[in-house]
1. Report, in whole Å, the centroid distance computed from the Cα atoms of region 317-387 and region 66-98.
2. Can you list the HN-Hα couplings for region 251-266, worked out from phi with the Karplus curve (6.51, -1.76, 1.60; θ = phi - 60°), rounded to whole Hz and with x for Gly and Pro?
3. Can you list residues from other chains, or at least 5 along the same chain, whose modelled amide H is less than 5 Å from the amide H of Thr181?
4. How much of the DSSP bridge set in region 447-569 is antiparallel, in percent, rounded to the nearest 5?
5. Can you tell me the order of 189-198, 37-46, 83-92 when each peptide is scored by its average per-residue count of other Cβ atoms within 10 angstrom, highest first?
6. Helix-only estimate, please: 222 nm mean residue ellipticity of the chain, summing -39500 (n - 2.57) across DSSP H runs of length 4 or more and dividing by its residues, to the nearest 500.
7. Need one number: % antiparallel among DSSP beta bridges in the chain, to the nearest 5.
8. Sticking with the crude label model, points 7 Å out along Cα→Cβ, report the distance from Ala443 to Ser57 in nm, one decimal please.
Amino acid sequence: MSDPRPELLPEILTRRAGAEPGRTAYVFLDDTGAEATTLTYRELHERALAVAAELESRCVPGDRAALVFPQCPEFIIAYFGCLYAGVIAVPLNPPRRNRIQDATGSIMRDCAPAAVLTLDMFVAPLRAALEPLCTASHWLAVDGMASAAVDFEPRRAAPAEVAFLQYTSGSTGAPKGVMVTHGNLVANEEMIRQGFGHSRDSTVVGWAPFFHDQGLIGNVLQPLYVGTTAILMSPVAFIRRPLLWLSTISRYRAHTSGGPNFAFEACVARAAAGPLPELDLGSWRVAFNGAEPIRPETLERFAETFAPHGFDPGAWYPCYGLAEATLLVSGGTPGRGPRLLEVDAEALGARRYVPATGTRSKTLVGCGQVLPGETVRIADPATGETCPPDRVGEIWVSGGQVAQGYWRNPSATAQTFRAAGEYLRTGDLGLLVDGELYVVGRAKDMVIIRGRNYYPQDIEQTVQASHPALRAGACAAFAIPAPAGEQLVVVQEIRRDAAADPAEVLGAIRAAVVAEHELAPADVVLAAPDQVQRTSSGKIRRSAVRTRYLAREVAPWLPRSDDLTEAQRS
């Protein structure tokens, strides 16, 4: 009689280490693109056993362990060490410039880790910075743990046990710990395998941070699940040299690679600025685009720029997911390319789908179909009733990949994960048209003025295109209360190298918003660089910017004196 229990990730790694001990699981590149180190299945398994043995001697199953690492092999070793020991891993954003992010402090207080795992060089500074924020008793350096002759039997987990906490990015509020079980992991990894068409020959290239669900579930765990090799870069390397990402895809003949929409925009911008390296992107079969709104013009510009270098527009793979569903919810068919839907913009503002007929149209990019093993409903957020096909509603999801809930937060769990008893309320608004899911915005971010709905990302796109001095991807549009009702506020960063007249820029923004949306902003703030917060996946944290705006904490842009007119200087 066969065992109905699925094979979980710790068992998959153990099996691969026994069957293919010398096969390369991961290749790590340095910031120049050179190979820095590799991990075979045997090396990963044996080093994870050493971590597990150390954890077992200090913790009990169910304890939390914070994982604070740069993009390095030790993160993966520590993660599987936690799975082997039954300790709940909590991936964290490592400090930048010796500064602990507010979200990191919030997570440490919320999860109350018994141990902190990191590299030897970071133990002392991390302990000094984080010890006041948590109750951790053990600060362990994974790179100092020897794997030789470790006699440890990995703990056999149940599918319903929590494997790790994936803290939300906080785009609409404080981070919450999503309880991802062992069963959720293998359910979603199987959905990704089928959706992306993966096999053991489907090399993956990735740069997304490991503490983010796209980096961990997609770029680290999916390759191990299917038995292929992952080529891993650091996020810093990508930000500094976007075209190094494409060179890596070309060099390693990658089948799958992707990121948020801004990553593809960055490549187009860098290509326009100078000569391109020698590229052959013909192997790239799944160019996934997800984690933030997908722009049709981005898909077009990228394809036009890189088609001469072998990029096939059919490789576009727009997709949709969220941490509460482990990672992936919907995706296309490899080789099909994107589905575009032309809709009437005014009707969309009233949450209705009407095919575009006039001049005020909007192009929506489809995020693929509902995948096997799940159910997706478009529901009225107020009543929970299923919406008619021509109505925008909230995307509700059920299936084996939907997580258990939020860590020690029963009220938020009941509100988000128990809709109609079994559905996850994603908080995202969308449509299902001919089996394709189209995501149109966040319910909590919706700007509602005089009874009309405005999608903030549409306003932000209009603003950023209104003047060349404005920084791309650094605009937040939101509503604030006023005696006469809600009013629109726009906070937009200015480029670091910009030389512009503030009055001219403000005028351009206001004129563009009025012309495109028939809406006059109550306030437009020209902000200094780095004032518009984003999540690790590139989403605008509108609620955080709104909070800082109301507290008068947004630093304004100060133009150079030679940018001002004579009248302004006087």
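1. Taking the Cα centre of each part, region 317-387 and region 66-98 sit 34 Å apart.
2. Calculated HN-Hα couplings, in order: 5, 9, 6, 5, 8, 10, 6, x, x, x, 4, 4, 5, 6, 4, 4 Hz.
3. Those lying under 5 Å, H to H, from Thr181 are Ala163, Gln404.
4. Working: 12 of 17 bridges.
Counting only bridges with both partners in region 447-569, antiparallel ones make up about 70 percent.
5. Answer by packing, highest mean first, reads 83-92, 189-198, 37-46.
6. Working: 17 runs with 175 residues, N = 570.
Helices in the chain give a 222 nm mean residue ellipticity of -9000 deg cm²/dmol.
7. Of those bridges, close to 65 percent are antiparallel.
8. According to this spin-label approximation, the distance is 5.0 nm.
We did not get these values from a lab; they are worked out from the coordinates using the rules stated. What you see is a predicted model; the values in this text were computed from it and never measured. Positions of Cβ are generated from backbone atoms using ideal geometry, with glycine treated the same way; all protein chains shown enter the neighbour counts.
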